[in-house]
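> Right, I'll just put the structure down here and ask away after.
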Amino acid sequence: MTADHDHVPILEALAEYRGKGRLAFSPPGHKQARGADPAVREVLGDAVFLGDVLASGGLDDRLTRGRVLERAEELMADAVHADHTFFTTCGSSLSVKAAMLSVAGPHEELLIGRDAHKSVVSGLVLSGIDPVWVEPRWDPRLRLAHPPSAADFDRAFDAHPGAKGALITSPTPYGACADLAAVAEVCHRRSLPLIVDEAWGAHLPFHPDLPSWAMDAGADICVTSIHKMGSGLEQGSVFHLQGDLVPPQVLKLRADLLGTTSPSVLLYAGMDGWRRQMALHGKELMGRALHLAARLRTSVERIEGMHVDGRDDLCGAGLAHDLDPLPCVIEVEGLGISGFRAADWLRQHRDIDVHLSDHRRIGTQVTHADDEGTVGELLGALEDLAQAASGLRPVPPVEVPDPAELRLEQACAPRDAFFGPVEEVPTDRAAGRVAAEMITPYPPGIPVVLPGERLTEPVLRYLLTGRDAGMNLPDPSDPGLGTVRVVRESAE
């Protein structure tokens, strides 16, 4: 039977709820905005509170006999060519953990690209899964990591035949994409599942000129953030499933173990509406976004001192397999400034926020929400930045290690290091010690140091010089990085 993508079950149920004027003697306690603080109502508007109802016993009856959420998930699965789809209101940070737990358990091995997001590492700490790290493809010129290749995973499986499956991140926050079909083939040759952390790829199924997305490439589980490149609200995430290597009941059980029992209907509605928008108009909307991104890329190239990383930069020499052109990553090193300084200047002087910044570039993502006006404002701000750059206060250089120095030895399992006996030592005396915490430049949120990894001078120097240059390090116990949390020496 053909799915009717004109329908939005969650939005329709919300409209019915309002139309009937239901009187709730149940959470949420604001009672359809009546009890909310006036200042909050003024800023947020009553519509936020009017859409904030219980999922069961509110949006649906107490036994969910209306199948409101189930019908919305079925339509989403149809729109993106999956067998099953599950909504979550806890972000892809939860979704990827649920996916990991559905494939491997405590003390079992899972192959994971080392360029994984910190949420994957959190999943290792919580689950006790033993990671087998698969090295990314390192670009020594751009100082960027791209997803591992299928051959990299093939060799890792040969070395670890007991591994339960694999997890890869694609696209990266920089737009680099893996050859997912080839990686899936490596897994399926061994009857093992592939998980794809495709948090940055919600838009990929909806235009033929975008890279292939995980379900079409044969992945078993795919995690997608609807809020990153789509129209969903923050924390709106879905995970998709296909094939028979992971039972849907198992994936749902693992998600229920981690998820909230009070999901936000507002977030559900955002995801439901995004699905209809893309199913009906996705090709047109994504086509326009691609046109705008191409214009932005061409125009930035005309600004002296700037360069947009393109297909030739990221996909040459056997590095990234493909490129999503919508994250326009702009090199600013030619201006004599860091990406950190550029991001701060754009926010302070032109009220423009960029997605990511690092020691030499900024990331400016274009979505279907942009138009000629917004792209024009960004270009004007970038031109002003180029003019102002020579007068900006210089920042100390970031000492980025070579690939061989950047990779740390995994001395013990992340869970054991995180929960074991620990102590804090001065950072200048931490080399050789085993980390008991994550240290993650954010965004994009890929940890430089994981619990259980042995610290080295080059990595510590990178983090300290990064801190001095403006790198954001939100997760170490000492935000100033004067000390590092390490495994107690007697326990090492």
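The values are calculated or read from the model by the stated rules, or taken from the named source; none is laboratory data. Predicted model only: the values in this text are computed from it and were never measured. Glycine gets a Cβ as well: all are built from the backbone with ideal geometry, and neighbour counts include every protein chain shown.
> Let me confirm something: among D179, D158, which residue is more than 24 Å from D358 (Cβ to Cβ) and surrounded by fewer than 17 Cβ atoms within 10 Å (Cβ to Cβ)?
Criteria check complete, one pass: D158.
> Pairs please, first residue from the range 140-164 and assigned by TED's automatic domain parsing to the domain that holds V183 and at positive phi, second anywhere and buried (at least 19 other Cβ atoms within 10 Å of the Cβ) and of a type outside the set (A, V, I, L, M), Cβ atoms under 9 Å, 6+ apart in sequence or on different chains.
Pairs that qualify, where the first residue is assigned by TED's automatic domain parsing to the domain that holds V183 and at positive phi and the partner is buried (at least 19 other Cβ atoms within 10 Å of the Cβ) and of a type outside the set (A, V, I, L, M), are R143/D358; R143/H359; R143/R360.
> For the range 138-199, give me every one of the strands (runs of 3 or more DSSP E) that falls completely inside it and has 1 or more residues that are at pLDDT 95 or above.
166-169, 194-197
> Scanning for something surrounded by fewer than 18 Cβ atoms within 10 Å (Cβ to Cβ), touching a residue at least 60 places away in the same chain (Cβ under 8 Å) and in contact with a helix residue (DSSP H, G or I) (Cβ under 7 Å, 6 or more places away or on another chain), does the range 447-467 turn up at least one residue?
no
> Where the second residue is of a type in the set (S, T, N, Q) and the first is over 12 Å from L378 (Cβ atoms) and lies in the range 282-311, which pairs have Cβ atoms under 7 Å and are six or more apart or on separate chains?
Going by the 7 Å Cβ cut-off, the qualifying pairs are A289/T367.
> Take the conditions without any contact (Cβ under 8 Å) to a residue 24 or more places away in the chain, farther than 26 Å from S170 by Cα and out of contact with any Leu (no Cβ under 8 Å at 6 or more places or on another chain) and apply them to D351. Does it pass?
Judged against the criteria, D351 is a match.
> For the range 312-335, indicate whether the set of residues that are assigned to a loop (DSSP other than H, G, I, E, B), at pLDDT 95 or above and surrounded by fewer than 17 Cβ atoms within 10 Å (Cβ to Cβ) is non-empty.
No: the range 312-335 contains no residue that is assigned to a loop (DSSP other than H, G, I, E, B), at pLDDT 95 or above and surrounded by fewer than 17 Cβ atoms within 10 Å (Cβ to Cβ).
> Taking G373, is it part of a helix (DSSP H, G or I), within 24 Å of H291 (Cα to Cα) and either in contact (Cβ under 8 Å) with a residue 12 or more places away in the chain or out of contact with any strand residue (DSSP E or B) (no Cβ under 6 Å at 6 or more places or on another chain) (or both)?
yes
> Which one is nearest to A342 (Cα to Cα) among residues in the range 369-378 that are under 26 Å from the mean Cα position of the chain (by Cα) and of a type outside the set (G, A, S)?
L378
> For the range 236-262, which positions are out of contact with any helix residue (DSSP H, G or I) (no Cβ under 7 Å at 6 or more places or on another chain) and either small (G, A, S) or surrounded by 19 or more Cβ atoms within 10 Å (Cβ to Cβ) (or both)?
G243, S262
> Any chance you could count how many residues in the range 410-437 are modelled with pLDDT under 95, under 30 Å from I362 (Cα atoms) and in a loop (DSSP other than H, G, I, E, B)?
0
Condition check ((1) outside any helix (DSSP H, G or I); (2) under 26 Å from the mean Cα position of the chain (by Cα); (3) not polar (S, T, N, Q)) across all residues:
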residue: A343; (1), (2), (3): no, yes, yes
residue: R347; (1), (2), (3): no, yes, yes
residue: I352; (1), (2), (3): yes, yes, yes
residue: T364; (1), (2), (3): yes, yes, no
residue: T367; (1), (2), (3): yes, yes, no
residue: P394; (1), (2), (3): yes, no, yes
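> Here is a list of conditions, (1) assigned to a loop (DSSP other than H, G, I, E, B); (2) of a type in the set (A, V, I, L, M, F, W, C); (3) under 25 Å from D130 (Cα atoms), and L251 meets all of them except one; can you say which number that is?
(1)
> Let me ask something else about it. Exactly one condition in (1) assigned to a helix (DSSP H, G or I); (2) touching a Ser or Thr at 6+ places or on another chain (Cβ under 8 Å); (3) of a type outside the set (A, V, I, L, M, F, W, C) is not met by H359; state its number.
Status for H359: all satisfied but (1).
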